[in-house]
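Everything below concerns the one structure shown next.
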Amino acid sequence: MTAQTDATLTAEIARTLENPHTILSAFQHVGAVPAIGFTLAACCAMVELESGGRMVWGHDPWDEVAYPRGLALPADLVNYHAYRAARNAGRQPQGCGITQLTSAGLQVEAERAGGCWEPFYNCLIGFRFLRDLFVHHGSPAAGFTAYNGSGPAAVAYGQRAAALQADWQSRFNVAVGGGHHV
């Protein structure tokens, strides 16, 4: 992509999401795979549904079976490092960052890459995971569903995300003045 195209895409992302430079940069490091539908539009759709581009954590529903009462996260967690200490002490993992990395394994992968609390590394690992789900499940809707989990709510998420991906793609096509996928 050219610098002009990057600026145009960043401006288009910024109309809806926070951290547009980070989102574009992480996507460019992961790379598009148009044959499976993995595009910048897919990443933006996921980010829109997960966080709006904000670095947030700790908002997932409680899993009573896996984490009995008494292991809830403290309400006063103010940063990722406090969250990580609570998670490592056995508290329920929560979605973290722009891509809402929920599994402890993905969070540790992002920590090792440079910091789950760092927007770029959070996006990098989240986008790689999403790409792998697209490959494994064979379609964007199925990949988005798997990103969210399982069951009816995850299927509905997958359908919403696929529709948002199409909307993002249309916006990008208009912004860059062409019909190619970015």
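The values are calculated or read from the model by the stated rules, or taken from the named source; none is laboratory data. A quick note: this is a predicted structure, and the numbers were derived from the prediction, not measured. Note: ideal-geometry Cβ built from the backbone for every residue, glycine included; neighbour counts use all protein chains shown.
In this structure, does ALA163 turn out to be of a type outside the set (Lys, Arg), at pLDDT 90 or above, exposed (fewer than 15 other Cβ atoms within 10 Å of the Cβ) and closer than 14 Å to THR39 by Cα? Even if it seems obvious, please write down each step before you answer.
Numbers: of a type outside the set (Lys, Arg): yes; at pLDDT 90 or above: yes; exposed (fewer than 15 other Cβ atoms within 10 Å of the Cβ): yes; closer than 14 Å to THR39 by Cα: yes.
When the stated conditions are applied, ALA163 passes them.
Name the residues in region 3-41 that are more than 19 Å from ALA163 (Cα to Cα) and among the hydroxyl-bearing types (Ser, Thr, Tyr), would you?
If the condition is that a residue be more than 19 Å from ALA163 (Cα to Cα) and among the hydroxyl-bearing types (Ser, Thr, Tyr), then THR5, THR8, THR10, THR22, SER25 are the ones that fit.
Can you pull out the residues in region 132-158 that are under 15 Å from ALA45 (Cα atoms), touching a helix residue (DSSP H, G or I) at 6+ places or on another chain (Cβ under 6 Å) and not aliphatic (A, V, I, L, M)?
PHE134, PRO140, GLY143, PHE144, THR145, TYR147, ASN148, TYR157, GLY158, listed by residue number.
Within region 12-42, can you find the residues that are of a type in the set (Gly, Ala, Ser) and farther than 14 Å from GLN169 by Cα?
The first filter runs over region 12-42 and keeps only residues of a type in the set (Gly, Ala, Ser), leaving 14, 25-26, 31-32, 35, 37, 41-42.
Hits for region 12-42 are ALA14, SER25, ALA26, GLY31, ALA35.
Can you report the number of residues in region 72-85 which are surrounded by fewer than 19 Cβ atoms within 10 Å (Cβ to Cβ) and either farther than 26 Å from PHE127 by Cβ or modelled with pLDDT of 65 or more (or both)?
First, the residues of region 72-85 that are surrounded by fewer than 19 Cβ atoms within 10 Å (Cβ to Cβ): 72, 74-79, 81-82, 85.
Going one step further and asking which of them are either farther than 26 Å from PHE127 by Cβ or modelled with pLDDT of 65 or more (or both), we end up with 72, 74-76, 78-79, 81-82, 85.
Within region 72-85, residues that are surrounded by fewer than 19 Cβ atoms within 10 Å (Cβ to Cβ) and either farther than 26 Å from PHE127 by Cβ or modelled with pLDDT of 65 or more (or both) number 9.
Among the residues of region 91-121, write down those that are more than 17 Å from LEU133 (Cβ to Cβ) and among the hydroxyl-bearing types (Ser, Thr, Tyr).
TYR121
Identify, by number, the condition in (1) at pLDDT 95 or above; (2) buried (at least 16 other Cβ atoms within 10 Å of the Cβ) that ALA113 doesn't meet.
(2)
Kindly list the number of the only condition in (1) under 19 Å from ARG54 (Cα atoms); (2) surrounded by fewer than 22 Cβ atoms within 10 Å (Cβ to Cβ); (3) in contact with a Gly (Cβ under 9 Å, 6 or more places away or on another chain) that fails for HIS136.
The failed condition is (1).
Is it true that some residue in region 48-71 is closer than 25 Å to ALA154 by Cα, among the aliphatic types (A, V, I, L, M) and modelled with pLDDT of 95 or more?
Yes, there is a match, as at least one residue in region 48-71 is closer than 25 Å to ALA154 by Cα, among the aliphatic types (A, V, I, L, M) and modelled with pLDDT of 95 or more.
Any residue in region 136-150 that is within 10 Å of ILE36 (Cα to Cα) sitting within a Cβ distance under 8 Å of a residue that is modelled with pLDDT of 95 or more and among the polar types (S, T, N, Q)? List the pairs, counting only those 6 or more apart or interchain.
Taking only residues 6 or more apart or on different chains, the pairs are HIS137/THR145; PRO140/GLN165.
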